[in-house]
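Some notes on the structure that comes next.
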Amino acid sequence: MSEWATLKAVDGHELAAYVARPAATPVGAVVLIQEIFGVNAHIRGVADGYAKDGFLVVAPALFDRFERGLELKYDGNDSKRAYELYGQLNPEVQLKDVAAAYELAKQETGDKGIGVVGYCYGGLMSWITATQGERLKMQPSCCVAYYPGGIGKYATGEPSCPVMIHIGAEDDHIGPTQVEPVRKAHPAVEIFVYPGAGHAFNRHADPTKYRAEAAKLARERTLRFLQTHIA
């Protein structure tokens, strides 16, 4: 079962969130953070998938600060709009929206664990939640970052929980200069690199990016990670 909910961030901003519920009592919760294309059909499908695995999933609409109800495709004017909005994003601000989603997950699941999973810009926000979330009363059980662009800038931040990172070996957005500072600063962080995969390899709605084998393996690893630290 799924529905849209309204969240309120600490600065008073109201935003939508897609909430996917499992068939039975949740084993825990996942805050799912979007790519730069909004909480579109692909992200909702990812949320539904984790709900089928037993998690309550909350996916906050980060773009509501600019335009409500925005769902973008991956080419043409939609792609152009996505990158325009990307230039306006500020992790310090978006962390407030993640915290609002986290609060709903906490209200819904009580003392059960909460994980954070993000893709692309959402992957960066997952890392920032792990390293800065405590100041907004977030203490996730674990965080997973898929191809987190810009993570090198935040590499020295200390995670408050276990973190897993997935990156394609052919990712032209995130090279060694992004990954190695994280690996050097945090040897305990699990970093998986997928041969033959580029940026957004998990995006099954985009055949130009999707790499089925890498996506399957990354999801299996992510699910085990979530089950270990949450369920």
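Taking the stated definitions as given, is residue 66 of a type outside the set (Lys, Arg) and either crowded, with 23+ Cβ neighbours inside 10 Å or within 14 Å of the chain's Cα centre (by Cα) (or both)?
No.
Could you say which residue among 175, 152, 123 is surrounded by fewer than 16 Cβ atoms within 10 Å (Cβ to Cβ) and of a type in the set (Gly, Ala, Ser)?
Just a single option satisfies the conditions, and that option is 175.
Considering only residues that are surrounded by 19 or more Cβ atoms within 10 Å (Cβ to Cβ), without any contact (Cβ under 8 Å) to a residue 60 or more places away in the chain and either hydroxyl-bearing (Ser, Thr, Tyr) or within 19 Å of residue 55 (Cα to Cα) (or both), which ones fall in segment 180-218?
Hit for segment 180-218 is 194, nothing else.
Does segment 80-103 hold any residues that are in contact (Cβ under 8 Å) with a residue 24 or more places away in the chain and either of a type in the set (Gly, Ala, Ser) or more than 16 Å from residue 34 (Cβ to Cβ) (or both), and which are they? Walk me through how you get there before you give the answer.
Residues of segment 80-103 that are in contact (Cβ under 8 Å) with a residue 24 or more places away in the chain, as a first pass: 82-83, 85-86, 89, 91, 93-103.
Once the filter is applied, which keeps residues that are in contact (Cβ under 8 Å) with a residue 24 or more places away in the chain and either of a type in the set (Gly, Ala, Ser) or more than 16 Å from residue 34 (Cβ to Cβ) (or both), segment 80-103 yields 82, 99, 100, 101, 103.
Could you list, in sequence order, the residues of segment 105-117 that are part of a helix (DSSP H, G or I) and within 16 Å of the chain's Cα centre (by Cα)?
Hit for segment 105-117 is 105, nothing else.
Being of a type in the set (Val, Ile, Thr) and in contact with a Pro (Cβ under 9 Å, 6 or more places away or on another chain) is the filter here, so list the residues in segment 23-80 that pass it.
31, 33, 39, 57
Just to be sure before I move on: is residue 129 buried (at least 21 other Cβ atoms within 10 Å of the Cβ), at pLDDT 95 or above and either polar (S, T, N, Q) or within 16 Å of residue 161 (Cα to Cα) (or both) in the structure I sent?
yes
Starting from residues that are within 13 Å of the chain's Cα centre (by Cα) and crowded, with 24+ Cβ neighbours inside 10 Å, keep the ones in segment 155-172 and report whichever is nearest to residue 104 (Cα to Cα). Quick ask: steps written out before the conclusion?
Taking segment 155-172 as the starting set, the residues that turn out to be within 13 Å of the chain's Cα centre (by Cα) are 163-166.
Of the ones still in play, those that are also crowded, with 24+ Cβ neighbours inside 10 Å are 163, 165-166.
Working: 163: 22, 165: 25, 166: 27 Å.
Ranking the qualifying residues of segment 155-172, first place goes to 163.
Residues in segment 204-222: is at least one in contact with a strand residue (DSSP E or B) (Cβ under 9 Å, 6 or more places away or on another chain), of a type in the set (S, T, N, Q), part of a helix (DSSP H, G or I) and closer than 16 Å to residue 124 by Cβ?
So far as segment 204-222 goes, no, none of its residues is in contact with a strand residue (DSSP E or B) (Cβ under 9 Å, 6 or more places away or on another chain), of a type in the set (S, T, N, Q), part of a helix (DSSP H, G or I) and closer than 16 Å to residue 124 by Cβ.
Consider segment 137-161. How many of its residues are in a loop (DSSP other than H, G, I, E, B) and either of a type in the set (Gly, Ala, Ser) or farther than 14 Å from residue 192 by Cα (or both)? Talk me through it step by step, then tell me what you get.
Narrowing segment 137-161 to residues in a loop (DSSP other than H, G, I, E, B): 137-141, 147-150, 155-161.
From what's left, either of a type in the set (Gly, Ala, Ser) or farther than 14 Å from residue 192 by Cα (or both): 137-141, 149-150, 155-161.
So the answer is 14.
Return only the number of the condition from (1) out of contact with any helix residue (DSSP H, G or I) (no Cβ under 9 Å at 6 or more places or on another chain); (2) at pLDDT below 95 that residue 106 does not satisfy.
Going through (1) out of contact with any helix residue (DSSP H, G or I) (no Cβ under 9 Å at 6 or more places or on another chain); (2) at pLDDT below 95 one by one, residue 106 breaks only (2).
Please list, ordered by first then second residue, the pairs with beta carbon atoms under 8 Å, 6 or more apart or interchain, first in segment 4-33 and under 19 Å from residue 111 (Cα atoms), second among the acidic types (Asp, Glu) and assigned to a strand (DSSP E or B).
So the pair list comes out as 19/3; 21/3.
Could you check segment 34-49 and list, in sequence order, the residues that are closer than 14 Å to residue 101 by Cβ, in contact (Cβ under 8 Å) with a residue 60 or more places away in the chain and out of contact with any helix residue (DSSP H, G or I) (no Cβ under 8 Å at 6 or more places or on another chain)?
43
Would you confirm whether or not segment 136-151 contains a residue that is under 20 Å from residue 26 (Cβ atoms), over 12 Å from the mean Cα position of the chain (by Cα), of a type in the set (Ser, Thr, Tyr) and at pLDDT 95 or above?
First, pick out the residues of segment 136-151 that are under 20 Å from residue 26 (Cβ atoms): 138-144.
With over 12 Å from the mean Cα position of the chain (by Cα) added as a condition, the list becomes 138-141.
The next check asks that each one be of a type in the set (Ser, Thr, Tyr); those that pass are 141.
Adding the requirement that they be at pLDDT 95 or above leaves 141.
Checked against the condition, which is being under 20 Å from residue 26 (Cβ atoms), over 12 Å from the mean Cα position of the chain (by Cα), of a type in the set (Ser, Thr, Tyr) and at pLDDT 95 or above, segment 136-151 yields at least one hit.
The values are calculated or read from the model by the stated rules, or taken from the named source; none is laboratory data. Nothing here was measured: the structure is a model prediction, and the numbers come from that model. Note: ideal-geometry Cβ built from the backbone for every residue, glycine included; neighbour counts use all protein chains shown.
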